[in-house]
Amino acid sequence: MEKKDIIKIYNRYASVYDFIFSRVFSPRINHGLEKINIKNGDTIIEVGVGTGLSLSLYPHGCTVVGIDIARKMLEKAQKKTKRLNLKHVHLFEMDAENMMFKDDSFDHAVLPFVITVVPNIEKVVAEVKRVVKKNGNIIIVNHFCNNHSFFTSLEKFVSPFFMKLGWKTGIPIEFISNHCNVHVKEISKRHSFDLWPLIHAVNKK
């Protein structure tokens, strides 16, 4: 899936995104934030901030930078920051594969439901590692393909349909550690049958 297609699809989602996804996504993002124990003064980058579903979950004592390539999604997030008076949040229209930040700019990174959306996962993770400080936390929440052969085959079969909706299927969770050179500290779920596991990684530069 090309970037122009991603932008087009998610700009179209903007007006209904919160209604469709907030109940599923927000609790899982909060679960990830609890893992990194954010302190006053910490700087966090959220990659794929979308409409800002998670922005109210961050403590006011930190600085949050959210990036996304879909302008209409960001416009929704900007309205949310103003309505909720989230002065510690800063939003930028930016490509996650080519971030305009200096090395070691952030203490932590959060990637909520974005890994299976981007065209080049390895490039995005490499950029995240570059802008996050050594030993900083990297939180990835996403659906990954099932190891069970039946479900793996099923996901490959329905993959073209989900591509039209804006995300890929068939990516195993091992891809993050094996291909993206990420030091995985923990993989957890909110409950046994959760379809969206959380990867807690540490940036070992």
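Residues in the stretch 58-74 that are part of a loop (DSSP other than H, G, I, E, B), under 18 Å from the mean Cα position of the chain (by Cα) and of a type in the set (A, V, I, L, M, F, W, C): 69, 70. Quick check: anything in the stretch 137-146 crowded, with 20+ Cβ neighbours inside 10 Å, modelled with pLDDT of 95 or more, assigned to a helix (DSSP H, G or I) and not basic (Lys, Arg)? No, the stretch 137-146 contains no residue that is crowded, with 20+ Cβ neighbours inside 10 Å, modelled with pLDDT of 95 or more, assigned to a helix (DSSP H, G or I) and not basic (Lys, Arg).
Of the residues making up the stretch 25-57, those that are in a helix (DSSP H, G or I), under 14 Å from the mean Cα position of the chain (by Cα) and not hydroxyl-bearing (Ser, Thr, Tyr) number 9.
Pairing residues of the stretch 175-188 that are of a type in the set (A, V, I, L, M, F, W, C) with residues that are in a loop (DSSP other than H, G, I, E, B), at Cβ distances under 7 Å and at least 6 apart in sequence or on separate chains, gives 176/182; 187/173; 187/197.
Of the residues that make up the stretch 75-93, is at least one in a helix (DSSP H, G or I), within 22 Å of residue 4 (Cα to Cα), modelled with pLDDT of 95 or more and in contact with a Ser or Thr (Cβ under 6 Å, 6 or more places away or on another chain)? Yes, there is a match, as at least one residue in the stretch 75-93 is in a helix (DSSP H, G or I), within 22 Å of residue 4 (Cα to Cα), modelled with pLDDT of 95 or more and in contact with a Ser or Thr (Cβ under 6 Å, 6 or more places away or on another chain). Taken together, 7, 29, 36, 20 contain a single residue that is free of Cβ contacts under 8 Å to residues at least 24 places away in the same chain and of a type in the set (Val, Ile, Thr), which is 20.
Check the stretch 1-20 and report whether any residue there is out of contact with any strand residue (DSSP E or B) (no Cβ under 6 Å at 6 or more places or on another chain), surrounded by fewer than 15 Cβ atoms within 10 Å (Cβ to Cβ), within 19 Å of residue 139 (Cβ to Cβ) and not β-branched (Val, Ile, Thr). No, the stretch 1-20 has no match at all. The residues on offer are 153, 159, and the sole one that is assigned to a helix (DSSP H, G or I), surrounded by 14 or more Cβ atoms within 10 Å (Cβ to Cβ) and modelled with pLDDT under 90 is 159.
The values are calculated or read from the model by the stated rules, or taken from the named source; none is laboratory data. All values reported here derive from a predicted model rather than from experimental measurement. In this analysis, Cβ positions are derived from the backbone assuming ideal geometry, glycine residues included, and neighbour counts consider all displayed protein chains.
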